[in-house]
Each structure stands twice: as C-alpha cells, then as structure tokens.
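The values are calculated or read from the model by the stated rules, or taken from the named source; none is laboratory data. Computed from a prediction, not measured in an experiment: that's the story for all the values here. No Cβ is skipped: glycine too gets one built from the backbone with ideal geometry, and neighbour counts run over all protein chains shown.
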Amino acid sequence: MSTGAHPLIRVEALHKQYETDAGPQPVLRGVDLDIYPGEFIAVMGASGSGKSTFMNILGCLDMPTSGRYTLDGNDISRLSRDELARLRNRFIGFVFQGFNLLPRATLLDNVALPMLYAARPAHERNARAQELLKRVGLERYGNYLPSRISGGQQQRVAIARALANRPELLLADEPTGNLDTITSHGIMELISTLNREEGTTVVLVTHENDIAHFARRMIRFVDGRVEEDRVMEVIGDA
Amino acid sequence: MFLNMLREAWRAMAANKLRTFLTMLGLVIGVGAVVLMLAIGQGAQTLVKEAVATMGSNLFIVLSGGTTTGGARSGSGTAPTLTLQDARAIAELSPVAAVAPTHSGNAQVVYGGVNWRSQVIGVTPSYLEVREWRLVRGQPFTDTDMRAATRVALIGQTVARELFGDEDPVDKTVRIANSPYLVMGVLSPKGQSFDGRDQDDTVLVPLSTAQRKLYGSPFPDTVRFMMVKAVSESAMDRAEQAITQLLRERHRIQADAPNDFTVRNLSAVADVQAETTRVMSIMLGAVASISLVVGGIGIMNIMLVSVTERTREIGIRMAIGARQRDILWQFLLESVIVSVVGCLIGIALGVASAYLVSQTTGMMVVVTGTAILLAFAVASTVGVFFGFYPARKAAALKPIEALRYQ
C-alpha cells in the first residue's frame, strides 16, 4: 500500500441518509477511508450495506448528508454542478452493472461521447474511439448498435467509453453482475491490466469472491460502516 | 460539437418517426393555416388596392337629386337637377382639377357577325384624365366630337377581345344600337372595380352623342352623374365645400333647404373598403396564429413525455460528463428542429393550398415573402418557447436519480 503519497480519495465521517415515508433511513453511518493512486480495491457487502451508495458518492453522482469527501485535493461539497460534471468527465470513468450504453448510438459514438462533452475535435475523438475499441477487441464492430452485440461485448465497450478521457479513477459497480463466469473473468482481466499497466486507480463493487480476488485490497461494508479493510493475495494474474 | 448535437437530435427523432410526425403535424397545420390565411387576406387587400388605383385618385362623384312621385322618393340621380353648365362651373373652381359628367347605359355592340352587350358610357374628353385612363391604340375624341355629337367610340379591352379577337379595332366601324360608330381607340386594361365589375367591358362615346342619339335623353342638357377630380388629396375637403356651395348658389337653394344633389367622396369610400379588408386579413391571421400556439403546446407535451422516457439516458450522459447546458441544448435542439422542419412543411402546404384555392375558387391570393418569413419566425419562436421548459426540466434532473430511473 502506498505510503507517503497523497491520497487520491479521502473520505472522513461520511454519512448518508435517505428521507422515506417511515422517517430518515441511514445508509452510511460514518465511513473513513483513504485510497491512494494506483490501488485496486474491491468493495464488498450484502445488499443494503451501503456499498452502492458509497460508490455513487465517490463518483460525484450523489452527495453525502454529512462528512467530507476530498477527491484529488478538491472538497466535493464546494464544487458547482458544472465542476462536478467536469470531474466525472475528465477524472472518473464509470462502468455499470447494466452496461448503460446509449441504445441508438453506434459503438464508436458511444465510446466517443465523453470526448464530445470534453469538446475534443472530431478527428481526435474518432481516432481515440477507434483505438479504444481495438484495445477491447471490438474494432470491427464500430458501426454496430449495442443491441447487436453480446453482454460481455457491451461491457467491453462500456469500459472503452470509461477510458475515453484517460481518467485517474475507474469506478465499476458490479461490472460482471450480468455476465457468465468466463465472460466475467475476461472483463476482470481487462480491468486488472489497466490498473497494472497504466496505474489507473480502480474501485470495484462486487459480491462475488472470485471477482473480488482480482483486487489487491478488499473493503467490506456492513450496515453502513467499513467492517473489514485488508490487503489480499493476488491471484488474478497468477 | 454542434454538428454532433444535430446528428444526435436527428437520431432521437428518427427513432420514433410516427411520434415526431405527429408532433410536427400541429405546427405544420398551424403554419399552413397562417400562410394560407395571410395569402387570402393579402389577395383581398391587393384586389381592393388595385381597384382603388384604377378608379382614379382624389375623386368625388356628384349625383343629381331624387324625384318624389306621389310620396314615393326615388334615389339620388333620378331628378334632372344637374346641368352641363354646372359641370363647367365646377371645373372652374380652384381645388378642382377636372370634371367628367357621364351618362351611362347598356347597349348591344356589333362588329361583323359578332355581337356583345356592354356598358356604353357617354363621357366628355376630360373623363380619361379623371379616371387616369390611357389609350393603348388610336386617338381620344375631342371637344369637336362633343359639339358635333359624332358617332365615335373608344372601346375597353374586353370589348376589343370579344368583338375583334386579334384584329386591330382602330378605324373599324361597329354598330351600337344599330347605328354605326367609328372606333377611334382602345383603352388600357383596368381589371376589376372594387365592387367586382369588369371595368374593361366598357365603350366610351361622346356625352352629347349618348344623350341625343344613343339614349335619347328627354333633358339633353342635364346629367345625373359626374365625376370630379380634386387637384390633390389635401384639397379634397376644400373641393367638397366649394362644390356644395357653388351648386347651392347656382340652384338658388334657400339657406334651410336640403341639397338637390349629393357629393360623395369616393376616395374615403375606398379607404374604408381598404381598411375593412386590412382588418379582415389581420383577423384571419390572428385566428390562424392560435393554431400555431396549439401546435407549440403539442410540442411541449411530447417533449415532456420524451424527457420522462429518456430520464435514464440523461442520467448516463450526466454520469459520463454532460453538463446541464449540454442536456438543455440537446432537448432544445430537438424541439427547434421539429419546429423548423414542421414550419417548412407547413409553408409548402400553405403555398400549395393557396394555389389550390385560387385555382378552384378564382379567389385572388397573394403569398408574400413577408408572410412566409413571419410564419417561419413565429414557428421557430414557438419551438424554442415551448421546448425550453421540457429541456430545462431534463437539465435539472439530479444525476443519481436520473440514472436510477427505470
């Protein structure tokens, strides 16, 4: 684990509660955590343990009720919506369980979309999108719509899209939840390679042990708190 | 960037063709209606304007008084109270440019084997000046013809066409009521008068000829009708007063007795008519504009549905870095494209139906560039206006809520 370096992510006394008809429902009850550049972390826990909410806050999609979240030195609570959008665009890449590709856009356009929001010139967008598709092994399907390829292939496209603006942080929320074991391992190899070769920090939510074992640090959530935080044996690239 | 947004908007619309079409339809009909109504209104206005212009400017008509027979009063122009001397006296007044006493009737006009019933008007040479009417061929008749009551005639375009076809009518002889008349000239075309009569279906003969030879007036020195042209528009009021005063003096009417003649300002009548058609066309346009607003509300309705349906897509876009204004522009652009395309189709529809209306009813319709531009501007504004609320609603969504939406 990195020591001496500044943490990429620092979370202090993070609380989140949702207002429901039955009164306030606490989901996160004081989470403290530091994540350093280049780490590969698996977040585990039963459903309702708060791991997904934690991920959404890390991804600047949701705001904590109280506590402080510092991302790369920025106190998230002080940023405007446009500044948060910029962070999501340039600094963070998302991979979702349900792939979340735009159904009417071609694979190339899907991959190029974050670069469009970053106002990159067209030739650069196309070249990079093509390169990323090649990297995930789908360069021949650039003009396909997402519905024409398999789930595993869609998730590869989603990873390519997440990497478009070369993010420092890759957040993956159950990326293999909808995939069979063999396909899942393929996706995990891809993510591991990214972490290893480019130093992209990866935070991965999963409830499957074999998936979690691709990571090098495991954090277990129970009832909105971090119950376990340990370094793991590396077996993913064994 | 903008091209890409256009492409995305196009893709979103193409994905749901029927709905896009129905969204457009409201605006298509609205714009079509506006263009058609403005064309009809403009047509009516043009018609009146042309009629007024062909009538001649700064005109009065002076009618003789009515007769009273056994208690029943006839209308103006039935009693022989105006004389040619009156006409000459009016012509001497300083605000008056010219006076044209007339005597009109209808007669059968025959040339060779062809005959045609037309309005035959007895006029003085000044008539052409008063009516601002020119000859396209031949010569006008003169005071000499007036004095001698010669049988000469000037014929209108319709008469020339019906009797002579392609032949040159000048110096030919026609028979009017069985007497021979020499055609001296052909009048320039004037088209419809503002009561819809064909002004070119006219034969002009010297007034004296009409009275003494053609119609056989019992009072050859009197006239029932004269047209008076004032020197300018600003002289109209002075001219009207001067004519009234002159005729009262000449007819020795007591101070408290009513006039035995009528002076009517024709330009004022024409102005009223023009104003009426103008108001009518504004009303038509206004009624049609309501359908534009209805079309706009249709767009808003569909865009709101579309925003709800695509909430998840909005969430995905926000998650990968779309700012609020990116989302706002995306939806605004869609409604603007729908409006602009709908508007273009509407304009085509409006122009086509205006053409159809003029073909089937013979109504005069005029499609002006201004009307098209106006419809285009209004429709685009409607698109932006009614598209803005749904677009803002989309942009205001919270990323996590949009992303979770199922």
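For this structure, a couple of remarks:
- Candidate set from segment A:53-80 (those that are crowded, with 20+ Cβ neighbours inside 10 Å and hydroxyl-bearing (Ser, Thr, Tyr)); member that is nearest to the other protein chains (Cβ to nearest Cβ): A:Thr53
- Selection from segment A:121-155 of residues that are part of a loop (DSSP other than H, G, I, E, B) and among the aromatic types (Phe, Trp, Tyr): A:Tyr144
Each row is one residue, and each column tells you yes or no for (1) part of a helix (DSSP H, G or I); (2) closer than 30 Å to A:Phe94 by Cα.
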position	(1), (2)
B:Met227	no, no
B:Leu246	yes, no
B:Val269	yes, no
B:Gly285	yes, no
B:Ala288	yes, no
B:Trp329	yes, yes
B:Leu333	yes, yes
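- Residue match in segment B:365-388 (condition: over 26 Å from B:Thr20 (Cα atoms) and within 14 Å of chain A (Cβ to nearest Cβ)): no
- Residues being within 21 Å of the chain's Cα centre (by Cα) and within 14 Å of chain B (Cβ to nearest Cβ) - total across segment A:121-154: 4
- Qualifying residue in segment A:95-104 (condition: among the polar types (S, T, N, Q) and either under 20 Å from the mean Cα position of the chain (by Cα) or in the same structural domain as A:Arg10 (by TED's automatic domain parsing) (or both)): yes
- Every residue from segment A:100-120 that is more than 8 Å from chain B (Cβ to nearest Cβ) and either closer than 23 Å to A:Gly199 by Cα or assigned to a helix (DSSP H, G or I) (or both): A:Leu107, A:Leu108, A:Asp109, A:Asn110, A:Val111, A:Ala112, A:Met115
- Where B:Glu401 falls short, out of the listed (1) surrounded by 17 or more Cβ atoms within 10 Å (Cβ to Cβ); (2) within 14 Å of chain A (Cβ to nearest Cβ); (3) modelled with pLDDT of 90 or more; (4) assigned to a helix (DSSP H, G or I): (1)
- Residue in segment A:44-51 that is surrounded by fewer than 22 Cβ atoms within 10 Å (Cβ to Cβ), on the phi < 0 side of the Ramachandran plot, basic (Lys, Arg) and away from every other protein chain (no Cβ under 14 Å) present: no
- Residue in segment B:306-325 that is surrounded by 15 or more Cβ atoms within 10 Å (Cβ to Cβ), out of contact with any Ser or Thr (no Cβ under 7 Å at 6 or more places or on another chain) and more than 14 Å from chain A (Cβ to nearest Cβ) present: yes
- Residue in segment B:282-298 that is out of contact with any Gly (no Cβ under 9 Å at 6 or more places or on another chain), modelled with pLDDT under 90 and surrounded by fewer than 23 Cβ atoms within 10 Å (Cβ to Cβ) present: yes
- Residue within segment A:219-229 that is in contact with a Leu (Cβ under 7 Å, 6 or more places away or on another chain), of a type outside the set (Ser, Thr, Tyr) and within 22 Å of A:Leu163 (Cβ to Cβ) present: no
- Test: B:Ala257 is more than 30 Å from B:Pro80 (Cα to Cα) and in a loop (DSSP other than H, G, I, E, B): no
- The criterion of at least 1 residues that are farther than 27 Å from A:Thr193 by Cβ is met, among strands (runs of 3 or more DSSP E) falling completely within segment A:15-93, by A:23-35, A:66-71.
- Test: residue in segment B:263-270 that is modelled with pLDDT of 85 or more, surrounded by 15 or more Cβ atoms within 10 Å (Cβ to Cβ) and more than 24 Å from the chain's Cα centre (by Cα): yes
- Hits in segment B:176-230 - residues which are β-branched (Val, Ile, Thr) and either over 23 Å from the mean Cα position of the chain (by Cα) or within 29 Å of B:Thr244 (Cα to Cα) (or both): B:Ile176, B:Val183, B:Val186, B:Val203, B:Val205, B:Thr209, B:Thr222, B:Val223, B:Val228
- Residue in segment B:133-152 that is of a type in the set (D, E, K, R), modelled with pLDDT under 90, assigned to a strand (DSSP E or B) and more than 23 Å from B:Ile90 (Cα to Cα) present: yes
- Of the criteria (1) aromatic (Phe, Trp, Tyr); (2) more than 14 Å from chain A (Cβ to nearest Cβ); (3) touching a residue at least 24 places away in the same chain (Cβ under 8 Å), which one B:Trp329 fails: (2)
- Criterion violated by A:Thr183 - all others in (1) closer than 23 Å to A:Leu58 by Cβ; (2) assigned by TED's automatic domain parsing to the domain that holds A:Cys60 satisfied: (1)
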